[in-house]
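Structure first, then comments.
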Amino acid sequence: MGGEEDEEPATKRMKVSSEELKGLSNGSSFIGPVSGSSSDLMARPLASEGDKEVVGSKGVIKREEFVRIIANALYTLGYKNSGAHLEEESGIPLHSSVVNLFMQQILDGNWDESVSTLCNIGLLDESVVKSASFLILEQKFFELLDAEKVMDALNTLRTEIAPLCINKSRVRELSSCIVAPSKCIQVGFPGKDTVRSKSRSKLLVELQKLLPPTVMIPESRLEHLVEQALLLQRDACVFHNSLDKEMSLYTDHLCGRDQIPSRTSQILQGHSDEVWFLQFSHNGNYLASSSNDRSAIIWEVDVNGGVSLKHRLCGHQKPVCSASWSPDDHELLTCGLEEVVRRWDVSSGECLHVYEKAGIGLVSCGWFPDGKCVFSGFNDKSICMWQLDGRELECWKGQRTLRISDLEITNDGKQIISICRETAILLLDREANTERLIEEDQTITSFSLSRDNRFLLVNLLDQEIHLWDIDGDLKLVAKYKGHKRTRFLIRSCFGGLSQAFIASGSEDSQVYIWYRESGELIEALPGHSGAVNCVSWNPVNPHMLASASDDHTIRIWGLNELTMKRKDTRTNGIHHCNGGN
């Protein structure tokens, strides 16, 4: 390849003139003129004495591959002269002369010659040769149609494309372009407004994906390898929890513990009894909490991360065991323990509706993804779906839920998830009317669904938390241990950047945090004076975590800034929000 500058985009290889192609047709490699060099550098490569076949301290990088990939990167970045010099000095061509000729024939639209050259590249797999030929002749077919040479296009289809005897459905689609030209756009016809050179460059990219990488280096291969290395370092970083954490090629990536929320930034004292449940809104602007004091509270999160009481929600006659945010965060459901479900307006704090059934207590609640319906579990082990006005739409009878149970609905609205037996979780497909079961050896106390709906976090009686993959075949993929649970209902959650962490309450008054991928326990946060019943990680701010406790308080956890000493944050860094009591 050459070093001439031209009007081709920097991401594409340079164009070779027809005069220069004469040199290629002789079977010799070609490099365009470079400042201070002759026009045929590759004809006289400079051999380096002592060159080894491998480079690097581990002996796993092949020198030839390494040099070719670097040359490819230089050309991609637009450094054509540098790429040409590298090929000359190393004596390692990026592509063989035959491949260079083939690529130029594609860019020039010499279709018959390019098909012939393709057969001389030395490909062993006949199916690859046929597939590549099909792509080339398809481009030829489209350009003939573009030039309004319909009969020539028909002849190409009949005598060149069809005899390849592959992709017959595509051949029929191409035939439809002859019969009904209006269908051309549907099958990928570039159209008269498409620049041919651009379309041909796209064809080269498609051929590059099809041909072996030893023949044509995949586009941006070096960039891909470097990105892959950076992502692997990031994924292996136990404490990576910030989008702002820049990654550099100069050093290996490593975050510190300061990326994990581990400092109490606020203590919220709005409840007068044990706080059983809390959950951040989807937009991270609000926090809902519910308590044994028969109330729920909507807390507001300001732009600086400060949390203050917005509304106290009263009306339940029994302890409030759970809450659920509407998809748009404009409304909130609260569920009394074997009582009723109430729907509240977040802006005004007004109760909009009460869902109840005579003689039956409600034990859980959730929203349909479109926000137009709500779900609830009952203590008779059934699950019902209601319209917002309270009209019952569907009801699933039988062993669908337990007396105290979590309830989740997947984002597509197809699956309802609930604890159906002490040791089993039901995944009910509403559309297919099928059921799947996650079965554990121990009693299940609670569960949480990941944001992408692929994983379920299951809390067990034996002080373990299990992570299940529910996308396809049900599979147990991880276990988390270390927290304490003997008597109470303890909840855990996903959280942090890309939900890379697992957090859980504990009966020993601490908040536990694990790295999700490895199961490594990375933090145990003291501070509460009673059992921690529930935790919730802000879905928008990975540096904000909330915990609810039997000590009647909610703690907001933030980053442990290096400039602060922990003892100072305990005394001066806590904002006490007394919810009016």
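Could you go through segment 262-271 in sequence order and give the Karplus-derived ³J(HN,Hα) for each residue, using 6.51 cos²θ - 1.76 cosθ + 1.60 with θ = phi - 60°, rounded to whole Hz, and x for Gly and Pro?
9, 10, 5, 9, 8, 10, 9, 10, x, 9
Bin all alpha-carbon pair distances of segment 95-219 at 10 Å intervals from 0 and give each bin's fraction as a whole percent.
Spelled out per bin, shortest first, that is 12, 46, 33, 8, 0.
Would you please calculate the Kirkwood hydrodynamic radius of segment 257-558 over all C-alpha pairs and express it in Å, rounded to one decimal?
By the Kirkwood definition, the hydrodynamic radius is 19.0 Å.
List, largest first, the extents of the alpha carbons of segment 317-363 along their principal axes, each in whole Å.
Its Cα atoms span 31, 17, 16 Å along the three principal axes.
Please compute the per residue accessible area over segment 95-219 with all protein chains in place, 1.4 Å probe, rounded to a whole number of Å². Show your work: numbers first, answer last.
On the way: 6390 Å² over 125 residues.
Per residue, segment 95-219 has 51 Å² of solvent-accessible surface.
At Glu394 and Glu227, where each label point lies 7 Å from the Cα along Cα→Cβ, what is the point-to-point distance in nanometres?
Distance between label points: 4.0 nm.
Which Rg and Dmax, in Å, describe the Cα atoms of segment 239-306?
17.1, 56
Can you compute log10 of I(q)/I(0) for segment 350-448 with the Debye formula, treating each Cα as one identical point scatterer, at q = 0.11 Å⁻¹?
Normalising to I(0) and taking log10 leaves -0.30.
If you consider only alpha-carbon coordinates, what radius of gyration and Dmax does segment 411-563 have, in Å?
Gyration radius and largest Cα-Cα distance of segment 411-563: 15.7, 57 Å.
From the backbone phi of segment 472-477, what are the Karplus-calculated ³J(HN,Hα) couplings (6.51 cos²θ - 1.76 cosθ + 1.60, θ = phi - 60°) in whole Hz, Gly and Pro given as x?
Each residue of segment 472-477 in turn: x, 5, 5, 8, 7, 10 Hz.
What whole-number value in Å² describes the accessible area per residue of segment 257-558 for a 1.4 Å probe?
Computed with neighbouring chains in place, this is 38 Å² per residue.
The values are calculated or read from the model by the stated rules, or taken from the named source; none is laboratory data. Just so we're clear, the structure is a prediction, and the values are computed from it rather than from any experiment. So basically every Cβ, Gly included, is an ideal-geometry build from the backbone, and we count neighbours across all protein chains shown. Quick note on the areas: whole protein, heavy atoms, side chains included, nothing else; ligands and nucleic acids left out. Shrake-Rupley method; radii C 1.70, N 1.55, O 1.52, S 1.80 Å.
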